[in-house]
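Quick notes on the structure that follows.
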Amino acid sequence: QVQLAESGGGLVQAGDALRLSCEVSGLTFSNYGMGWFTQAPGKEREFVAAITPSGAGTYYTDSVKGRFTISRDNAKNTAYLQMNSLNPEDTAVYYCALKRAGSDWDDRRSYDDWGQGTQVTVSS
């Protein structure tokens with residue numbers, strides 16, 4: 001069975017940095033794209049970043065460009081999200097997801113497997 005496990009969230013102050021990790025098991029990790037999404041209270045789950053199976057291509061939503069970096073280590077079956085210059089608007093539960101099919105990297109419907117999420121809270 002496929003499992004995704006996020007870690008690295010926490011409570012930080014504005015301007016701080018965090019690195020989230022997502023360890024994947026149950027499949028050949030290097031065959032699949034990976035994405036990160038957020039869900040804040042009362043809002044839909046929204047796209048943050050994605051990375052192609054080899055790691056050669058990346059995609060970001062406009063609000064995190066220049067601050068966040070997605071990466072992956074296929075030897076460790078792990079995807080990462082480096083989050084710098086955090087602000088209170090980044091507060092949300094962060095989910096990693098595995099992309100089996102679909103043409104749109106920023107569409108949640110393109111992703112088939114999801115982790116349980118990790119809470120990121122940024123105080124003013």
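The values are calculated or read from the model by the stated rules, or taken from the named source; none is laboratory data. Being a predicted model, the structure only gives us computed values, none of them experimental. Please note: Cβ atoms are built from the backbone with ideal geometry, for glycine as well, and neighbour counts cover all protein chains shown. We work out accessible area using only protein heavy atoms, side chains counted, and drop any ligands, DNA or RNA first. Shrake-Rupley method; radii C 1.70, N 1.55, O 1.52, S 1.80 Å.
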query = Filtering region 84-103 down to residues that are farther than 19 Å from Pro41 by Cβ and surrounded by 13 or more Cβ atoms within 10 Å (Cβ to Cβ), which residue is modelled with the lowest pLDDT?
reply = Gly102
key: Residue, farthest from the chain's Cα centre (by Cα), within region 62-83, restricted to residues that are within 19 Å of Gly117 (Cα to Cα) and open to solvent by 40 Å² or more (accessible area, probe 1.4 Å)   = Asn77
remark   = For region 106-120 the number of residues that are outside any loop (DSSP other than H, G, I, E, B) and open to solvent by less than 50 Å² (accessible area, probe 1.4 Å) is 4
inquiry  = Please go through region 10-59 and give me each residue that is in contact (Cβ under 8 Å) with a residue 12 or more places away in the chain and among the polar types (S, T, N, Q), ordered by number.
reply    = Gln13, Ser21, Ser25, Ser30, Asn31, Thr38, Gln39, Thr52, Ser54, Thr58
Per-region count, region 12-22, residues exposed (fewer than 15 other Cβ atoms within 10 Å of the Cβ), of a type outside the set (Gly, Ala, Ser) and under 17 Å from Leu81 (Cβ atoms) = 1
